[in-house]
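Bear in mind these aren't lab numbers, they're just calculated from the coordinates by the rules spelled out. Everything quoted here is computed from the prediction, not taken from an experiment. Positions of Cβ are backbone-derived with ideal geometry, glycine not excepted, and every protein chain shown enters the neighbour counts.
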Ligand code: URA
């Protein structure tokens, strides 16, 4: 008997709903973290490391995200990670493109909605502008608390001075979300 998450993996790991299924992906990158979770981080799309390892945010951007998260979010808060799109955005000849096409974001929405339902997060962190612009409204209605942070890949591309400003903004946004969530619990007890 499969668990609901195993059923999710079974349903989506051979997905053919958009052109990225045939553009050269190694893996359908679904999620990592704890289920159910307290906070769900939603990024953009897998990069090369994620495509190779089959898990979101496990490359350089993911390492920076983990570092920032560890500073802002206590360990007992259960985190999970996914992306708007579960396949690496490649053009027809295997080159990584900067953003997934709108068609692919749309095609991946049912998978994302299903994962949000499985996770039942109390808060969602939209990682980067693309996630902020494209997070499905239907999922947005089911979760009350949000934070928006810079995409770690954008931080890595910025100059040194800007990097520290961007990191600081991420910390403030994440700490704000944690404060909101914990103040709703039983006097700060794990919610
Ligand atoms: N960037 C993302 O948006 N998601 C990942 O999983 C990795 C890099």
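Here are a few things to note about the model shown:
- Potential extension, residue 171-residue 98 segment - 0.36 nm per residue separation minus Cα distance: 23.7 nm
- Prolate/oblate/rounded call for the chain, Cα gyration tensor, a/c under 1.5 rounded: oblate
- Projected label distance in nm at residue 52 and residue 117, using a 7 Å step from Cα toward the beta-carbon: 3.6
- Note on 67, 99: ascending count of other Cβ atoms within 10 Å places them as 67, 99, the fewest first.
- Here the spin labels are modelled as points 7 Å beyond Cα on the Cα-Cβ line, and at residue 154 and residue 183 they lie 2.6 nm apart.
- Inter-part distance where the stretch 1-31 and the stretch 107-150 are each reduced to a Cα centre, Å: 18
- Computed lengthening from residue 27 to residue 144, 0.36 nm per intervening residue step minus Cα-Cα distance: 38.9 nm
- Ellipticity at 222 nm from helices only: DSSP H runs of n ≥ 4 in the chain, each -39500 (n - 2.57), divided by the residue count, give -13500 deg cm²/dmol.
- Spin-label pair residue 5/residue 133, simplified geometry with 7 Å Cα→Cβ offset, distance in nm: 3.2
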